[in-house]
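Participant: Before I ask anything, here is the structure I am working with.
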Amino acid sequence: MYRKLTGFVLATMLAALLAACDKPQQPALQAAPAAQTFTLKLAETWGPNYPIFGDTTKQLAAMVDRMSGGRLKITIDSSNKHKAPFGVFDMVKAGQYDIGHSASYYWKGKDPDTLYFTNMPFSMTAPEQLAWFYHGGGMQLMEKVYARHGLLSFPGGNTGGQMGGWFRKEINSTDDLQGLKMRIPGFAGEVLARLGAKPTNIPPGELYTALERNTIDALEWVGPALDLRMGFHKIAPYYYTGWHEPSAELQFLVNKKSWDSLPPDLQEILRVAMRAAASDMYALAYHENAVNWVKMQQEFPAIQVRTFPKEVLTALKNANDELLAEFAAADPLAREIIDSQAEYLAQARAWTSISDQAYLNSMRDLQD
């Protein structure tokens, strides 16, 4: 009996084996291909671990990594590594870097129309400017300017309203601006030059030394959040309120070819992450300004806060208006941008006045 069963089992196994040999061979199972990964190199104008500005680029890199599941990574080179804080535009344009984090008005020597996208004197506050960018046509105008260079530009974080700067001596009239050597970039530098000052731009890491060595007589940087830790008050005790940058939007500068090399989902992840990082920078800058303003008042009573006299502000505003008219007359795209900003400002300021400003006025009246 055992032999019969054994024979039966062997015969059955042999039949099954022969049947399997007659069937077409199935391909072996293969592992799913690994998702392609992309690494973008970012150059920033700021030094390593620079507060607020540097936090923004680090947050961007962390967000795209998480949202993409590791498929998109960003490496960051600060100015100490690439050695060209004001070379970010050229490096991104050339493809040496894929992304830059800087400020649009630094590139006025390469394209004057880049001036308008950081902010303009006597112009929009941060909420007004962000509304213009995203809903008032600002992004489309910025795209027109940077497309000429094979670049894309996105809002990169707002500092909020900036202070007017640190001065060794008080400014009592326009005569005090004559020959004044001041670090101040962008359109505001053009305005001050019209009134006899000598504006210049200096990388952030060299500002204190330039002031200490009398290379400059005055400088503007940002506000309490970043100014206090730089120590400018040790040399120039007069701290003036602002006129030149009622807000200041940094930028993420992106090489168009690098952008086009990304699949659509990673483009969207990068776009969303840039907007989120920029938004958080504004909140962080506001917070740090508030905290450090209190610290200034409590711990450094020698700092003397001043507001420019009406005579000086009027002269600055007149010079600003004259220059805007000249720039608009010389360049059709400049005119389009200037007109767009002026029209949007008139619309937005009407609401700002009846909402935020009216509220603040009411609260002040309660305290009087």
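The values are calculated or read from the model by the stated rules, or taken from the named source; none is laboratory data. Please read these numbers as outputs of a predicted model, since none were measured by experiment. Please note: Cβ atoms are built from the backbone with ideal geometry, for glycine as well, and neighbour counts cover all protein chains shown.
Participant: So in region 120-132, with the set limited to residues that are in contact with a Phe, Trp or Tyr (Cβ under 8 Å, 6 or more places away or on another chain) and within 15 Å of ILE337 (Cβ to Cβ), which one is surrounded by the most Cβ atoms within 10 Å (Cβ to Cβ)?
Facilitator: Among those residues, the one meeting the criterion is MET120.
Participant: Residue by residue through region 56-92, note down the ones that are in contact with a Ser or Thr (Cβ under 8 Å, 6 or more places away or on another chain), among the aliphatic types (A, V, I, L, M) and not in a helix (DSSP H, G or I). Quick ask: steps written out before the conclusion?
Facilitator: Step one: list which residues in region 56-92 are in contact with a Ser or Thr (Cβ under 8 Å, 6 or more places away or on another chain), which gives 61, 70-76, 79, 85-86, 88-89.
Restricting the remaining residues to those that are among the aliphatic types (A, V, I, L, M) gives 61, 72, 74, 76, 88.
Answer for region 56-92, where residues must be in contact with a Ser or Thr (Cβ under 8 Å, 6 or more places away or on another chain), among the aliphatic types (A, V, I, L, M) and not in a helix (DSSP H, G or I): LEU72, ILE74, ILE76.
Participant: Okay, next question. Could you identify the single residue in GLN367, GLN357 that is at pLDDT below 95 and over 20 Å from PRO155 (Cβ atoms)?
Facilitator: That would be GLN367, the only listed residue that is at pLDDT below 95 and over 20 Å from PRO155 (Cβ atoms).
Participant: Just name the residue that is nearest to MET142 (Cα to Cα) out of those in region 329-342 that are over 25 Å from the mean Cα position of the chain (by Cα) and assigned to a helix (DSSP H, G or I).
Facilitator: PRO332
Participant: Being in a helix (DSSP H, G or I), touching a His at 6+ places or on another chain (Cβ under 6 Å), assigned by TED's automatic domain parsing to the domain that holds MET142 and not polar (S, T, N, Q), is that true of even one residue in region 103-113?
Facilitator: Checked against the condition, which is being in a helix (DSSP H, G or I), touching a His at 6+ places or on another chain (Cβ under 6 Å), assigned by TED's automatic domain parsing to the domain that holds MET142 and not polar (S, T, N, Q), region 103-113 yields no hits at all.
Participant: May I ask you to verify whether ALA350 is more than 30 Å from THR57 (Cβ to Cβ), of a type in the set (Gly, Ala, Ser), out of contact with any Gly (no Cβ under 8 Å at 6 or more places or on another chain) and part of a loop (DSSP other than H, G, I, E, B)?
Facilitator: Taking the combined requirement at face value, the residue does not satisfy it.
Results for (1) buried (at least 22 other Cβ atoms within 10 Å of the Cβ); (2) within 23 Å of PRO309 (Cβ to Cβ); (3) touching a residue at least 40 places away in the same chain (Cβ under 8 Å), shown as yes or no for each residue.
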{"residue": "GLY136", "(1), (2), (3)": "no, no, yes"}
{"residue": "GLN140", "(1), (2), (3)": "no, no, no"}
{"residue": "HIS149", "(1), (2), (3)": "no, no, yes"}
{"residue": "GLY156", "(1), (2), (3)": "yes, no, yes"}
{"residue": "LYS169", "(1), (2), (3)": "no, yes, yes"}
{"residue": "ASN172", "(1), (2), (3)": "no, yes, yes"}
{"residue": "GLY179", "(1), (2), (3)": "no, yes, no"}
{"residue": "ILE184", "(1), (2), (3)": "yes, yes, yes"}
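Participant: Okay, moving on. Here are LYS83, LYS73: which of them is at positive phi, modelled with pLDDT of 95 or more and out of contact with any Pro (no Cβ under 6 Å at 6 or more places or on another chain)?
Facilitator: Within the list LYS83, LYS73, the selection yields LYS83.
Participant: Which members of region 78-106 meet the condition of being acidic (Asp, Glu) and surrounded by 19 or more Cβ atoms within 10 Å (Cβ to Cβ)?
Facilitator: Within region 78-106, the subset acidic (Asp, Glu) is 90, 98.
ASP98 - this is the single residue of region 78-106 that is acidic (Asp, Glu) and surrounded by 19 or more Cβ atoms within 10 Å (Cβ to Cβ).
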